[in-house]
Structure formats: C-alpha cells, structure tokens
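Bear in mind that the values in this text are calculations on the coordinates, not laboratory data. Values in this document were obtained by computation on a predicted structure and should not be read as measured data. A quick note on method: Cβ atoms are made from the backbone with ideal geometry, for glycine too, and the neighbour counts reach across all protein chains shown.
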Amino acid sequence: MSTWTETLDALVRERGSALYGYAFVATGDRAAASNLLRHALSRSFRHAPNNMPVDAAHAYVKREMQSAVFAGREFRDRRPLGNASSAATSSNAVHDAIVALPARERICVIMRVVDGLSSNQIALELDLDPATIRACVAAGVEQLAHTHAHLGFAPEDLDGGRDEEVFVVDARRRGR
C-alpha cells in the first residue's frame, strides 16, 4: 500500500509535465500554469486516500484544474513581467486564440477539443448541466470563429458540443 506522498511523488515524476502542459493551455501563462497546478495538487491531496493509484490521482488533479478554471479563479501573477509579451510566451496562434476566451468557454472548448469529451462527459466532470456545457462550447467556438476566422474555427465543426442521442429499444416490448 502506497502513502499519499508516494502517489504524489510518482504523479509529479511520471505525469508532471503533462499536467503542467494542460495547465498552460488552460491559462496561457507560465506562472499562472504553475499556480493552477500547485492549487490543483494541493486540493487533490488534501484528503487523498493512501492507496490512490497514479491514474486516479492524475484524473483528480486534472478535474481540479478544470473546475478552478471554469469557476473563474485567477492564477496569474499580478506582478509586471517587464518587456515580456504574451506573444513571446506562446507562438502558437491556436493557443493564443483559445487563451483569449473567457474562462468558462475556454475550459469547455479545451475539454471538448483537446480531451475529446462529449458535452455530457464534460458536464459529469464539472458537475454541471449538459445544456450549460453546450452553451459554453457554442459560445467559445462562435467567438473563435468571429475573432480568429483565419484559423478556420466553425461552430458546425463541433455542433455546439451536442452529443448523439441514443435510443434503446427493449426487444421484449417490441412484439407487443
């Protein structure tokens, strides 16, 4: 049985760079990404069970980051960065476009596009109504299509985050 400190050590060693990368995509700023990851690790391991597997810890920390960004918590360092510009911290146009979105739309678009989750899955992760998630994804993609049209964002590409509807037919009732 591993202790929570052993799980934390293994998580940071094995998945730390992936978690930091996710935090950077969500915040668009190196210092903010570090602060977000630190916050998520702290909250995740505050009451962590001793035998939590690394996969579960990874999912839990990621969920904490998603919830914090969706809630609009600010993780940016408020001190001036001198001559550094946001263009210097990120040369990726798509990343810059996504970072420009409001926090709620940004994390929903990230979870939809980067994580490949459906709106229902995102709603479960964030403990929200799927309609709220669909609205956030639609608003985010709409804003991206409007402000960064040259990147090819189109609302119909994600269909507003809608999921396919699945109908289950009970074969026993079919013949009646």
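Calculation over all alpha carbon pairs of region 15-75 in 10 angstrom steps from 0 returns a P(r) of 25, 57, 18, 1 percent. Calculated on the Cα set of region 1-48, radius of gyration then Dmax: 11.3, 38 Å. Seen from all directions on average, region 92-163 presents a Cα convex hull projection of 4.1 nm².
The packing ranking, built from the mean of other Cβ atoms within 10 Å per residue, places the peptides 131-139, 3-11 in the order 131-139, 3-11, highest first. Quick check: the distance between the Cα centres of region 1-45 and region 133-151, to the nearest angstrom? When both Cα centres are located, 28 Å separates them. Each other residue within a Cβ distance under 13 Å of HIS95 adds +1 if Lys or Arg and -1 if Asp or Glu, for a net charge of 0. Note on ASP115/ASP55: beta-carbon distance plugged into 1/(1 + (r/R0)^6) with R0 of 22 Å gives a FRET efficiency of 0.90.
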